[in-house]
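Novice: One structure, pasted below without further comment.
The values are calculated or read from the model by the stated rules, or taken from the named source; none is laboratory data. All figures in this text were calculated on a predicted structure; none of them were measured in a lab. Reconstructed Cβ throughout: ideal geometry from the backbone, glycine too, with neighbour counts over all protein chains shown. What goes into the accessible areas is simple: the full protein's heavy atoms, side chains included, and nothing from ligands, DNA or RNA. Shrake-Rupley method; radii C 1.70, N 1.55, O 1.52, S 1.80 Å.
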Amino acid sequence: MLRVSDLSISIGSPDNYIDIVSSVSFEIGRGEILGLVGESGCGKSMTSLAVMGLLAKGGPWVRTGRAELSGFDVIHAEPYERVEAGHGGIAMIFQEPMSSLNPVMTIGEQIEEAINVHQRVTGSRQNLTARDYLEMVRIADAAMQINAYPHQLSGGMRQRVMIAIALACQPQVLIADEPTTALDVTVQAQILSLLRELCDTLGLSILFITHDLGVVAQLVDRVAVMYAGRVVETAAVDRVFDAAAHPYTAALMSCLPDPAHRVRRLVTIPGQAAKPGQITKGCAFAPRCAYAVDICREDPLPYAMLADNHRALCLFPRGVVR
Amino acid sequence: MGSYALHRTGAAIATLAAASVIIFFFIHLIPGDPIHVLLGDTATPDQVDALRAKLGLDQPIILQYFRWLANVARGDFGTSIFFQMPVLKVIGDGAETSILLATITMIWITIIGVPVGVIAAMRHGSWLDQGLSGVAMLFASIPTFWVGLYLILIFAAWLGWLPSSGYPSIFEQGGLANLRYLLLPSLALAAPNAALILRLTRASMLDVAREDYIRTARAKGIRPMRVILRHILRNALLAVVSAFGFTFAALISEAVVTETVFALPGIGQLVVQSILRRDYPVIQGIILVTVVLYLAVNLLVDLSYRLLDPRVELQ
Amino acid sequence: MIAATRTFLVPFMRRPVAAAGLGILVLMIVTAILAPVLAPYDPSKIDPISRLLPPNAAHWFGTDQFGRDILSRVIYGARLALLIGVGVVSFALITGVPAGVLSALFPRFGRVMMRLIDVLMSFPALLLALGLIVILGRGVSNAILAIGVVYLTTTSRITYGLTLRLRTETYVEAANSMGAGAFWTIRKHVLPNLVSPLLVQASFVFAFAQLSAASLDFLGLGAPPEIPSWGNMLAEGRIFITRAPWLLFFPGFAIAITAFSLNLVGDALRDRLDPRFRDMLRK
């Protein structure tokens with residue numbers, strides 16, 4: 001459905017650049033939820049904005065790579081260009097539902113705007129109205145709420161409205177950039193189950209960006225772990241939790257408190273997360289890796305292909321060599 | 001809405017009440033006996049006695065204030081020393097010129113300041129933007145009367161396209177064509193204020209463009225022009241609308257000078273001449289009228305802002 | 001002191017236009033101080049033979065209707081401009097800052113004070129100044145006072161807003177919770193943080209004071225006519241606009257370039273401010 005390959009995002013000039021996201025590749029199948037996981041600053045949001053065509057002018061830019069949506073490369077297109085070329089299929093929801101809706105337009109107007117744009121392009125009359133979309137995201141008394149302004153709604157409601165706007169774009173792929181981070185835990189669970197439901201009923205593919213491993217375990221089918229601008233491991237969700245191959249992934253998992261085995265202190269990863277572009281040679285995790293040896297610090301660094309679509313950017317994937 | 005309007009109106013009336021005390025004492029602060037301040041040196045003893053009785057100058061000052069307030073409320077602002085006419089009538093004679101001048105100037109400010117500010121913001125960082133911002137700051141720094149004098153030199157004296165001074169009423173000979181007398185004054189008056197509105201429009205466009213909801217709008221696949229007009233401009237205008245209140249105050253101030261430069265028979269020139277003629281009742285009346293006007297305009301701006309911004313309701 | 005000066009100059013390093021503005025201001029101050037040395041003629045010396053001369057080798061800026069040298073008058077005019085600017089800014093800061101700070105720290109006093117400021121602000125600026133001139137009479141110090149009152153209102157408003165915001169800062173709250181007195185808080189936490197924003201405000205007030213003073217002079221209600229202020233030169237030269245357009249050009253240009261430079265400097269300083277304070281100082 002969506003295949004991102006060799007995506008590099010850089011800052012600086014074309015002659016003198018630093019990659020803050022380098023050679024990122026992943027793909028999402030129909031009806032699948034891919035979790036893009038990593039610490040803040042690892043480049044996961046930047047990746048999603050680039051795929052969406054929302055990188056601001058004068059900021060980071062796409063240096064190499066493709067993002068194929070049903071076979072068409074959309075990486076260099078802004079959303080309106082992509083939509084008008086007939087590849088509208090990606091929509092996005094954001095981290096901050098409080099500030100992501102236009103305060104002076106009713107939520108009905110904001111949904112209709114999306115309906116109109118995509119209707120004009122496809123030429124077909126949509127028989128779904130703003131109200132239908134609000135009902136689709138389980139907003140009670142949608143007929144009333146359609147005339148509400150964003151400030152009259154709670155955070156969870158606003159995120160539902162954001163999802164309704166995204167659905168009105170008739171997407172095949174939904175990019176969700178930490179959509180539940182700003183919400184209460186109970187509301188968070190409701191939004192997650194709504195996303196799962198939409199995925200199952202509409203066959204929607206979701207790129208779910210998060211730093212929350214709890215959410216990952218609950219929601220996603222497959223995981224791509226990012227560290228310092230690179231995807232270091234891609235695997236099915238249970239493999240990541242049970243048989244992480246990359247030392248970073250493994251370390252991340254060991255940081256999760258395990259209620260069954262109460263340990264004295266929380267595990268941490270030694271050292272500080274490398275900033276994207278800070279380490280250009282060899283493995284970016286090498287300085288913090290307990291297993292690193294000299295050749296880890298030298299190029300080139302290949303992906304180790306493991307079983308079941310499982311790959312890790314490591315010379316010594318755990319559980320395989322050692 | 002109703003309670004909000006009521007609340008705002010109440011606040012404006014409270015401010016007006018406090019301002020009226022200051023305006024009342026204005027006459028008492030001028031050196032000399034208030035009676036002579038109000039009637040001038042040529043007053044007859046009869047006139048002095050009549051006014052003394054009317055204002056009750058032997059009464060406590062509080063009582064005098066309320067008498068004055070009652071008179072003002074009835075439209076009796078006193079008598080002009082120079083014209084020997086009711087003050088309100090003297091002010092009324094200048095109203096047409098000043099109101100038309102202010103209206104035309106406001107139109108200039110809006111049709112120049114807002115669109116050019118939008119263009120500058122759209123080309124943010126370009127040479128065009130830097131040039132426009134620089135020119136705007138320059139115009140905000142130039143005295144209005146200096147601009148006015150050179151407009152007279154170029155368009156009236158050298159080119160002869162437009163009249164240099166005066167303004168015959170549009171209700172007299174010439175009709176609406178008389179508005180050409182107000183063209184140069186309104187341009188001179190608009191220059192610094194349009195410059196401020198331009199800078200404000202540009203700055204708030206850039207602020208709004210960074211908001212998360214603009215990213216949402218772009219993500220929907222809306223064309224850039226529509227994002228700018230429908231989403232960015234609409235929100236940016238909220239700040240601009242609230243600025244029209246103090247733009248109006250600046251306009252009143254600068255109109256005083258502009259009317260003097262162009263010899264326009266308006267309230268602005270009247271106040272200056274009244275100061276030179278020591279016609280204090282007229283000065284007092286004009287200050288009162290402008291304060292009322294200013295508060296009324298601000299109230300209107302406040303209430304229209306409320307209509308434009310759905311969030312205000314909750315505050 | 002050297003460090004403070006260096007910090008002050010930082011915003012001008014990368015902005016050549018703002019640096020030029022700062023340069024013009026320095027030039028104006030030097031001109032004002034050295035006026036007797038720099039001026040080629042006595043600014044009030046009347047010379048009936050050379051009346052209304054266009055700019056020439058002997059009189060670079062030409063002469064006025066009394067044959068006085070315009071260059072010399074413009075140079076001396078810088079003195080009054082500087083005096084007005086410094087006077088108005090000092091008055092506005094000395095009265096406005098305490099009013100604003102105390103209003104923010106003592107809410108009961110603040111309610112009354114800010115209402116009073118509201119009332120003063122309901123008078124259009126020039127009319128308020130004109131009203132005060134009527135009461136006080138014409139003159140340089142009265143002009144400073146009248147214009148100063150106008151900017152006392154905006155300065156105290158801004159100081160009030162800034163102090164309120166500072167008061168809610170965590171570290172000020174922490175100091176208060178540890179029992180710090182109001183005046184200790186003012187001295188240690190409020191005043192030092194007000195310096196930069198008030199410097200920005202001061203440069204804008206300085207700029208607007210020039211324009212207001214010029215307006216008063218132009219209306220014949222500012223500095224006495226014998227003083228060669230830029231506004232007075234414009235007022236006197238007005239009727240000769242068609243015969244001698246240069247008469248009005250140089251004093252007007254001096255006002256405009258001074259106000260423009262101050263606005264540039266204020267803008268450059270403001271852009272360096274903490275963003276939380278920046279929007280309060282938007283004109």
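Novice: Got a sec? Which of C:ASP271, C:ASP267 is at the interface with chain B (Cβ under 8 Å from one of its Cβ atoms), open to solvent by 10 Å² or more (accessible area, probe 1.4 Å) and among the acidic types (Asp, Glu)?
Specialist: Values: C:ASP271 fails: at the interface with chain B (Cβ under 8 Å from one of its Cβ atoms).
From the options C:ASP271, C:ASP267, the qualifying one is C:ASP267.
Novice: If you don't mind, another one. Residue check: is C:ALA256 within 21 Å of C:VAL26 (Cβ to Cβ), more than 9 Å from chain B (Cβ to nearest Cβ) and within 13 Å of the chain's Cα centre (by Cα)? Explain how you work it out, then say what you get.
Specialist: Numbers: within 21 Å of C:VAL26 (Cβ to Cβ): yes; more than 9 Å from chain B (Cβ to nearest Cβ): no; within 13 Å of the chain's Cα centre (by Cα): yes.
When the stated conditions are applied, C:ALA256 does not pass them.
Novice: Residues in region B:271-282: is at least one away from chain C (no Cβ under 11 Å), under 17 Å from the mean Cα position of the chain (by Cα) and either in a helix (DSSP H, G or I) or of a type outside the set (A, V, I, L, M) (or both)?
Specialist: No; the residues of region B:271-282 include none that is away from chain C (no Cβ under 11 Å), under 17 Å from the mean Cα position of the chain (by Cα) and either in a helix (DSSP H, G or I) or of a type outside the set (A, V, I, L, M) (or both).
Novice: Looking at C:GLY231, C:GLY220, which one is surrounded by fewer than 24 Cβ atoms within 10 Å (Cβ to Cβ) and facing chain B (nearest Cβ under 10 Å)? Can you show your working first?
Specialist: Details: C:GLY231 fails: surrounded by fewer than 24 Cβ atoms within 10 Å (Cβ to Cβ).
After applying the criteria, what remains is C:GLY220.
Novice: Is it true that A:LEU36 is buried (at least 21 other Cβ atoms within 10 Å of the Cβ), assigned to a strand (DSSP E or B) and touching a residue at least 12 places away in the same chain (Cβ under 8 Å)? Before the answer, list the steps.
Specialist: Details: buried (at least 21 other Cβ atoms within 10 Å of the Cβ): yes; assigned to a strand (DSSP E or B): yes; touching a residue at least 12 places away in the same chain (Cβ under 8 Å): yes.
In short, yes.
Novice: Take the residues of region B:20-56 that are assigned to a loop (DSSP other than H, G, I, E, B) and closer than 26 Å to C:LEU128 by Cβ: which is most open to solvent (accessible area, probe 1.4 Å)?
Specialist: At the first step, the residues of region B:20-56 found to be assigned to a loop (DSSP other than H, G, I, E, B) are B:30-33, B:40-44, B:56.
Retained after the next criterion (residues that are closer than 26 Å to C:LEU128 by Cβ): B:30-33, B:40.
On the way: B:ILE30: 6, B:PRO31: 95, B:GLY32: 56, B:ASP33: 65, B:GLY40: 9 Å².
Among those residues, the one meeting the criterion is B:PRO31.
Novice: Among the residues of region B:235-275, which ones are under 24 Å from B:GLY117 (Cα atoms) and in contact with a Phe, Trp or Tyr (Cβ under 9 Å, 6 or more places away or on another chain)?
Specialist: Residues satisfying the conditions are B:ASN235, B:LEU238, B:VAL241, B:SER242, B:GLY245, B:PHE248, B:ALA249, B:ILE252, B:GLU254.
Novice: What number of residues within region A:198-216 are part of a helix (DSSP H, G or I) and open to solvent by 60 Å² or more (accessible area, probe 1.4 Å)?
Specialist: Quick first cut of region A:198-216, residues part of a helix (DSSP H, G or I) only: A:198-202, A:213-216.
Filter once more, so that each one left must be open to solvent by 60 Å² or more (accessible area, probe 1.4 Å): A:200-202.
Residues in region A:198-216 being part of a helix (DSSP H, G or I) and open to solvent by 60 Å² or more (accessible area, probe 1.4 Å): 3 in total.
Novice: Return yes when A:TYR17 is out of contact with any strand residue (DSSP E or B) (no Cβ under 8 Å at 6 or more places or on another chain) and among the aromatic types (Phe, Trp, Tyr) and no when it is not. Please lay out each step first, then the result.
Specialist: Numbers: out of contact with any strand residue (DSSP E or B) (no Cβ under 8 Å at 6 or more places or on another chain): no; among the aromatic types (Phe, Trp, Tyr): yes.
Against the criterion (out of contact with any strand residue (DSSP E or B) (no Cβ under 8 Å at 6 or more places or on another chain) and among the aromatic types (Phe, Trp, Tyr)), A:TYR17 does not qualify.
Novice: Of the residues C:THR185, C:THR154, C:THR170, only one is modelled with pLDDT of 90 or more and hydroxyl-bearing (Ser, Thr, Tyr); which? Can you show your working first?
Specialist: Values: C:THR185 fails: modelled with pLDDT of 90 or more; C:THR170 fails: modelled with pLDDT of 90 or more.
The unique qualifying residue is C:THR154.
Novice: Name every residue in region A:1-33 that is of a type in the set (D, E, K, R) and not in a strand (DSSP E or B), in order of residue number. First the steps, then the outcome.
Specialist: Within region A:1-33, the first condition is being of a type in the set (D, E, K, R), and the residues that meet it are A:3, A:6, A:15, A:19, A:27, A:30, A:32.
The answer is A:ASP15, A:ARG30, A:GLU32.
Novice: Let me ask another. If I ask for residues that are part of a loop (DSSP other than H, G, I, E, B), open to solvent by less than 60 Å² (accessible area, probe 1.4 Å) and either within 11 Å of another protein chain (Cβ to nearest Cβ) or under 30 Å from B:GLU96 (Cβ atoms) (or both), which ones from region B:122-147 would you list?
Specialist: First, pick out the residues of region B:122-147 that are part of a loop (DSSP other than H, G, I, E, B): B:123-126, B:142-143.
Narrowing the set further to residues that are open to solvent by less than 60 Å² (accessible area, probe 1.4 Å) leaves B:125-126, B:142-143.
Scanning region B:122-147 gives B:GLY125, B:ILE142, B:PRO143.
Novice: Could you list, in sequence order, the residues of region A:84-115 that are over 16 Å from A:GLY155 (Cα atoms), facing chain B (nearest Cβ under 9 Å) and open to solvent by 60 Å² or more (accessible area, probe 1.4 Å)?
Specialist: A:GLU84 - this is the single residue of region A:84-115 that is over 16 Å from A:GLY155 (Cα atoms), facing chain B (nearest Cβ under 9 Å) and open to solvent by 60 Å² or more (accessible area, probe 1.4 Å).
Novice: Right, next: Here is a list: B:TYR181, B:TYR167, B:TYR150. Which entry is open to solvent by 30 Å² or more (accessible area, probe 1.4 Å) and in contact (Cβ under 8 Å) with a residue 40 or more places away in the chain?
Specialist: Residue meeting the stated conditions: B:TYR181.
Novice: Could you list, in sequence order, the residues of region B:252-267 that are open to solvent by less than 10 Å² (accessible area, probe 1.4 Å) and within 26 Å of B:ALA17 (Cβ to Cβ)?
Specialist: B:VAL256 - this is the single residue of region B:252-267 that is open to solvent by less than 10 Å² (accessible area, probe 1.4 Å) and within 26 Å of B:ALA17 (Cβ to Cβ).
Novice: When you scan region C:168-213, how many residues do you find that are over 30 Å from C:ALA143 (Cα atoms) and in a helix (DSSP H, G or I)? Steps first, answer last, please.
Specialist: If we filter region C:168-213 for residues that are over 30 Å from C:ALA143 (Cα atoms), which is where we start, we get C:168-190, C:192-193.
Cutting the leftovers down to in a helix (DSSP H, G or I) gives us C:170-177, C:182-190, C:192-193.
Qualifying residue count, region C:168-213: 19.
Novice: Quick one: A:ALA164 ticks every box in (1) of a type in the set (A, V, I, L, M); (2) at pLDDT 90 or above; (3) open to solvent by 20 Å² or more (accessible area, probe 1.4 Å) bar one, so which box is it?
Specialist: (3)
Novice: Next up: How about region C:214-283: which helices (runs of 4 or more DSSP H) wholly inside it have at least 1 residues that are farther than 26 Å from C:TRP60 by Cα and touching a residue at least 24 places away in the same chain (Cβ under 8 Å)?
Specialist: By residue number, C:246-271, C:275-278.
Novice: Which residues, taken from region C:64-92, are surrounded by fewer than 19 Cβ atoms within 10 Å (Cβ to Cβ) and closer than 17 Å to C:ALA235 by Cβ?
Specialist: Within region C:64-92, C:GLN65, C:PHE66 meet the criteria.
Novice: Within region B:204-247, work out how many residues are touching a residue at least 24 places away in the same chain (Cβ under 8 Å) and more than 7 Å from every other protein chain (Cβ to nearest Cβ).
Specialist: Of region B:204-247, the ones touching a residue at least 24 places away in the same chain (Cβ under 8 Å) are B:204-209, B:211, B:228, B:232-233, B:235-245, B:247.
Checking which are more than 7 Å from every other protein chain (Cβ to nearest Cβ) leaves us with B:204-209, B:228, B:232-233, B:236-245, B:247.
The total comes to 20.
Novice: If B:GLY92 satisfies every condition in (1) at pLDDT below 95; (2) surrounded by 15 or more Cβ atoms within 10 Å (Cβ to Cβ) but one, which is the exception?
Specialist: That leaves (2) as the condition not met.
Novice: Any residue in region C:23-47 that's surrounded by fewer than 17 Cβ atoms within 10 Å (Cβ to Cβ): show its pairings with residues that are acidic (Asp, Glu) at Cβ separation under 9 Å, as long as the two are six or more apart or on different chains.
Specialist: Between residues of region C:23-47 that are surrounded by fewer than 17 Cβ atoms within 10 Å (Cβ to Cβ) and residues that are acidic (Asp, Glu), the close pairs are C:PRO40/C:ASP69; C:ASP42/C:ASP69; C:SER44/C:GLU226; C:LYS45/C:ASP69; C:ASP47/C:ASP69.
Novice: Out of all the residues in region C:180-197, is one or more open to solvent by less than 10 Å² (accessible area, probe 1.4 Å) and either within 11 Å of chain B (Cβ to nearest Cβ) or without any contact (Cβ under 8 Å) to a residue 60 or more places away in the chain (or both)? Walk me through it before giving the result.
Specialist: Step one: filter region C:180-197 for residues open to solvent by less than 10 Å² (accessible area, probe 1.4 Å), giving C:185, C:190, C:194, C:197.
Next, from what is left, pick out any that are either within 11 Å of chain B (Cβ to nearest Cβ) or without any contact (Cβ under 8 Å) to a residue 60 or more places away in the chain (or both): none.
The answer is no, given that none of the residues of region C:180-197 is open to solvent by less than 10 Å² (accessible area, probe 1.4 Å) and either within 11 Å of chain B (Cβ to nearest Cβ) or without any contact (Cβ under 8 Å) to a residue 60 or more places away in the chain (or both).
Novice: As an exercise: evaluate C:PHE61 against (1) modelled with pLDDT of 90 or more; (2) open to solvent by 10 Å² or more (accessible area, probe 1.4 Å) and give the number of the one condition it does not meet.
Specialist: Failing condition for C:PHE61: (1).
Novice: Follow-up question, since we're still on this one. Where residues in region C:103-145 are in contact (Cβ under 8 Å) with a residue 40 or more places away in the chain, within 12 Å of chain B (Cβ to nearest Cβ) and part of a helix (DSSP H, G or I), which of them is nearest to B:THR247 (Cα to Cα)? I'd like the intermediate steps shown before the answer.
Specialist: Of all residues in region C:103-145, those in contact (Cβ under 8 Å) with a residue 40 or more places away in the chain come to C:103-106, C:110, C:113-114, C:117, C:125-126, C:129-130, C:133, C:138-141, C:143-145.
Still in the list and also within 12 Å of chain B (Cβ to nearest Cβ): C:114, C:117, C:125-126, C:129-130, C:133, C:138.
Then drop every residue that is not part of a helix (DSSP H, G or I), which leaves C:114, C:117, C:125-126, C:129-130, C:133.
Details: C:MET114: 21, C:ILE117: 18, C:ALA125: 11, C:LEU126: 13, C:ALA129: 18, C:LEU130: 19, C:ILE133: 23 Å.
In this case the residue turns out to be C:ALA125.
Novice: Condition first: in a strand (DSSP E or B), more than 14 Å from chain B (Cβ to nearest Cβ) and aliphatic (A, V, I, L, M). Can you find one or more residues in region A:58-77 that meet it? Full working, then the answer.
Specialist: First, the residues of region A:58-77 that are in a strand (DSSP E or B): A:61-69, A:72-73.
Filter again for more than 14 Å from chain B (Cβ to nearest Cβ), leaving A:61-68, A:72-73.
Checking the rest, the ones that are also aliphatic (A, V, I, L, M) come to A:62, A:67.
Looking through region A:58-77, at least one residue is in a strand (DSSP E or B), more than 14 Å from chain B (Cβ to nearest Cβ) and aliphatic (A, V, I, L, M).
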